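Below you'll find the structure, written out as structure tokens, and then a few comments.
The values are calculated or read from the model by the stated rules, or taken from the named source; none is laboratory data. Every value quoted in this text rests on a predicted model; they were computed, and no experiment measured them. Methodologically, a virtual Cβ is constructed for each residue, glycine included, from the backbone with ideal geometry; neighbour enumeration extends over all protein chains shown.
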Amino acid sequence: MKLNNLQILRGISALLVCCFHFREDINFSNFKAGDALFKNGSIGVPIFFVISGFIMNYTTRKLRIQKNTVYSEIIVFIKKRAIRILPLYYLLTFLWIAVGGGLIYFQDKALLSRLMHSLLFLPQKSAPPVLFLGWSLNYEIFFYIVFGISLFFKQKRSLFITLFFIFFYILGHFLTIDNPFWMMITSSLNIYFIMGILLSIFLSKVDISKTTALLLSSSGIILFFLFFFNFINLKSELIIVGTVSGLVFSFLLGDYSLKIKGNKFLIFLGDISYSLYLSHPFVEVFFRRFKTDGLYTIPFFTLKIIFAIGVAAFLYYFIEKKVTYYLKTKLKV
């Protein structure tokens, strides 16, 4: 089954993060339009996490691991995830270094340490990754590691992952340690991955009628809309997790029950979402050399978004796809 609507949501999420970082362009002196529209745009990252949890369980749901194949299955899983994440991230990390300082990163001990932490997806207390958006990949990679370990538990792997993250989330409320790695593994952000897994399990077992799906999907989208634009104030972490997961569920119902084909451009936006997410800071840096005032900032903002999509499309077709194909062929995965 093609998950076109989930792919659309992936694209929308990446676009929300872009708009969040570009929003200052349309913050006027008498009306902060950027903040009004996109202040909560960073919620695109937790949406990504729910989608990741869903996809990991969805793509491995039919995997029947035998005792003598578990290690090979884990190696294949790690290779696939590494091929998907590492090449573009590493390329743009070193490109960011070239843009921001070049060789100084290899001459200064603190900066070199920051680079090594970035490349190894280890959080630092004193600084974000070199390519700052890499903070979210730290969570992604940690989730992949836990997911890889869960393959030892075969058909009970989803239970292992769920209990693992819930245990550390609860433990983090009782044991506070001023350590960036501890703060990451006890973060509520990990619950989003669990919700994705639970959505995958639920939809694999339950058939939802079109009428019910339409009602649930509409309710989930409206609730998220009210939260995103601050019509309702949600303070509880877990309620926000539920609201974001409800949005993902709403789009999944478009695939599972409503059978909505989806707009081709929005599906394409989902295809390039990883490139869009990682590369849009470069677009922001490029456009800083241009100054606009008044209503000219609106077309300027729009131009930046279009330019960011164009750059992402280029990276997707000429870097991401080609490198992925080459590495899959070489590594035989």
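Okay, here's what the table says:
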{"read-out": "Filter result (more than 19 Å from Ser42 (Cβ to Cβ), acidic (Asp, Glu) and in a helix (DSSP H, G or I)) within segment 282-333", "value": "Glu320"}
{"read-out": "Which numbered condition Ser72 fails, given (1) free of Cβ contacts under 8 Å to residues at least 40 places away in the same chain; (2) touching a Phe, Trp or Tyr at 6+ places or on another chain (Cβ under 7 Å)", "value": "(2)"}
{"read-out": "Verdict on Leu122 being farther than 24 Å from Ile319 by Cβ and either in contact with a strand residue (DSSP E or B) (Cβ under 9 Å, 6 or more places away or on another chain) or in a helix (DSSP H, G or I) (or both)", "value": "no"}
{"read-out": "Test set (1) in contact with a helix residue (DSSP H, G or I) (Cβ under 6 Å, 6 or more places away or on another chain); (2) among the polar types (S, T, N, Q); (3) free of Cβ contacts under 8 Å to residues at least 24 places away in the same chain - Asn57 fails condition number", "value": "(3)"}
{"read-out": "Residue within segment 41-62 that is buried (at least 19 other Cβ atoms within 10 Å of the Cβ) and either more than 23 Å from the chain's Cα centre (by Cα) or not in a helix (DSSP H, G or I) (or both) present", "value": "no"}
{"read-out": "Qualifying residue in segment 3-19 (condition: in a loop (DSSP other than H, G, I, E, B), touching a residue at least 24 places away in the same chain (Cβ under 8 Å), within 30 Å of Leu159 (Cβ to Cβ) and touching a helix residue (DSSP H, G or I) at 6+ places or on another chain (Cβ under 8 Å))", "value": "yes"}
{"read-out": "Any hit, segment 165-178, residues being assigned to a loop (DSSP other than H, G, I, E, B), at pLDDT below 95 and under 30 Å from His21 (Cβ atoms)", "value": "yes"}
